[in-house]
Amino acid sequence: MSQGGSLDALTGLRFFAALHVVLFHFARPVLDPAPEWLRSLVGSGYSAVGVFFVLSGFVLAWNYLDTDGRMETGTRAFLAARVARVYPVYLLTFLLSSPPVMLASVGENGWKVAAMKLAVAAVATLALVQAWVPRLALYWNPPGWSVAVEAFFYALFPRLARWLPRLRPSWVPGVLVGLWALGLTPPVLYLVLRPDGLATVDVHSWGTWLALMKFTPVARLPEFLFGVVLGWWFVRERAEGTQKGSGVVLALLGAALLMAVGAAGERIPYPLMHNGLLAPASGLLVYGLARGGGWLGWALSRPVVVRLGAASYALYLLQFPVGEAVAKVAPWVGLATPLGKLGLVLLWVIPASLLTHHFVETPLRSRVRKLLQPWVDGEGAAPARPVAPGA
């Protein structure tokens, strides 16, 4: 990693963001007797994906950009590192998700129609383009849609690095505000125009235009760019020694805003919560933690939390196949209640993510990078410098 410092707190943050998504999918039925604010906070877990987008842009800028905003490694080396980082676990969870997806498709459509649908969905999912097609975005391993969005971001990142040197540091605050406004444009337009004709729009709603707003990579790009610009600003500050004070106030303010807005529940329109609204709060949290984060940064940097954070990508992608397995097993072991299923999901998915990170993600990352090295060498660029494990 460049610029020195530690990414441990940001790695630890990944675990809690991934856990928030898992709880959103599996804990809501358990919380009916809970206070409204807690139900709303867990029910806003989908918004944690936006935290990941901002965090991803920030960490990539920290690891790959110099103070002028230029890439410190070749484009092929960067892309090879990205493929090695995301694809082994992505492919594993694709395979683990295949049996329930295939059985459900055959049950709904019959063999002939199911075979056609499965073939198209499988190709799109393996090619990481399913997020561009609303009907396919959640067809296979549903959390994988955000990986397809990230793949688009990765493809753009080297080109973005060519543009950043033109950005004057004095423009950064205005650019961040502009990116926030740009990210809010799709949900605001959706709320104003109501193109799907839905009377209410919430987490259970479905419409083609709503899906395009939620999943299309272009619609989510401003959140990633927000993180990139903020990360580049951090790189410049760190190199110039112009940072003042610690990040504890910024980190706590960002965390408080995320929790307060999440606890507000349906008082805030769902499209805004899903897309872009929380980018500034996420940026404050990420930037504050990168600056140190005080006691919050200390807590997120504990070895056990960092280890869980390193496995958070596997945790995020394993939740669907584990949830499907729990749905089949829970009645057999007398745990068919919502609380029993949630307990089984957490009992299985967290250890499974740690094992997957250790035995699949880490060793295969090195092997894939070695496999792609001849292609990287063909670019004629300097060898890629080491980056942080969670980058």
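What to note about this one:
- Selection of the range 18-42 for residues being among the small types (Gly, Ala, Ser) and under 28 Å from VAL306 (Cβ atoms) yields ALA18, ALA27.
- Verdict on VAL123 being out of contact with any strand residue (DSSP E or B) (no Cβ under 6 Å at 6 or more places or on another chain), farther than 30 Å from LEU315 by Cα and surrounded by fewer than 17 Cβ atoms within 10 Å (Cβ to Cβ): no
- So GLY178, is it without any contact (Cβ under 8 Å) to a residue 60 or more places away in the chain, in a helix (DSSP H, G or I) and farther than 23 Å from GLY45 by Cα: yes
- Residue match in the range 47-57 (condition: surrounded by fewer than 19 Cβ atoms within 10 Å (Cβ to Cβ), without any contact (Cβ under 8 Å) to a residue 60 or more places away in the chain and within 26 Å of LEU344 (Cβ to Cβ)): no
- Single match in LEU308, LEU212, LEU300 (criterion: under 29 Å from PRO158 (Cα atoms) and modelled with pLDDT of 95 or more): LEU212
- Within the range 70-85, the residues that satisfy the criterion of being crowded, with 19+ Cβ neighbours inside 10 Å, part of a helix (DSSP H, G or I) and not aliphatic (A, V, I, L, M) are ARG76, PHE78, ARG85.
- Considering only residues in the range 95-118 that are under 18 Å from ALA148 (Cβ atoms) and hydrophobic (A, V, I, L, M, F, W, C), the one that is surrounded by the most Cβ atoms within 10 Å (Cβ to Cβ) turns out to be VAL101.
- Test: residue in the range 252-265 that is of a type outside the set (A, V, I, L, M), at pLDDT below 95, over 22 Å from ALA290 (Cβ atoms) and part of a helix (DSSP H, G or I): yes
- Taken as a whole, the condition of being part of a helix (DSSP H, G or I), surrounded by fewer than 19 Cβ atoms within 10 Å (Cβ to Cβ) and in contact with a Lys or Arg (Cβ under 9 Å, 6 or more places away or on another chain) does not apply to PRO88.
- The range 41-80, residues that are among the polar types (S, T, N, Q) and under 26 Å from TYR287 (Cβ atoms): SER44, SER47, SER56, ASN63, THR67, THR73
For every residue, the table says whether it meets (1) under 23 Å from ALA137 (Cβ atoms); (2) buried (at least 20 other Cβ atoms within 10 Å of the Cβ); (3) without any contact (Cβ under 8 Å) to a residue 60 or more places away in the chain; (4) touching a Pro at 6+ places or on another chain (Cβ under 8 Å).
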site: PRO187; (1), (2), (3), (4): yes, yes, no, yes
site: VAL203; (1), (2), (3), (4): yes, no, no, no
site: GLY207; (1), (2), (3), (4): yes, no, yes, yes
site: VAL228; (1), (2), (3), (4): no, yes, no, no
site: ARG267; (1), (2), (3), (4): no, no, yes, no
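- The range 351-377, residues that are surrounded by 17 or more Cβ atoms within 10 Å (Cβ to Cβ) and closer than 19 Å to THR11 by Cα: ALA352, SER353, THR356, HIS357, GLU361, ARG365
- Of the residues making up the range 314-339, just one is of a type in the set (Gly, Ala, Ser), modelled with pLDDT of 95 or more and over 17 Å from PRO100 (Cβ atoms), namely ALA314.
- Some residue of the range 279-291 being buried (at least 17 other Cβ atoms within 10 Å of the Cβ) and without any contact (Cβ under 8 Å) to a residue 40 or more places away in the chain: yes
- Some residue of the range 268-277 being at negative phi, under 16 Å from the mean Cα position of the chain (by Cα) and not in a helix (DSSP H, G or I): yes
So that you can scan it fast, the table gives a plain yes or no per residue for (1) touching a Ser or Thr at 6+ places or on another chain (Cβ under 7 Å); (2) not in a helix (DSSP H, G or I):
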| position | (1), (2) |
| --- | --- |
| HIS204 | no, yes |
| TRP209 | no, no |
| LEU212 | no, no |
| ALA219 | no, no |
| GLU223 | no, no |
| GLY227 | yes, no |
| TRP232 | no, no |
| GLU237 | no, no |
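- Boolean, ALA61 is surrounded by 18 or more Cβ atoms within 10 Å (Cβ to Cβ) and over 24 Å from ALA219 (Cα atoms): no
The values are calculated or read from the model by the stated rules, or taken from the named source; none is laboratory data. Remember, predicted model here, so these are calculated numbers, not experimental data. Positions of Cβ are generated from backbone atoms using ideal geometry, with glycine treated the same way; all protein chains shown enter the neighbour counts.
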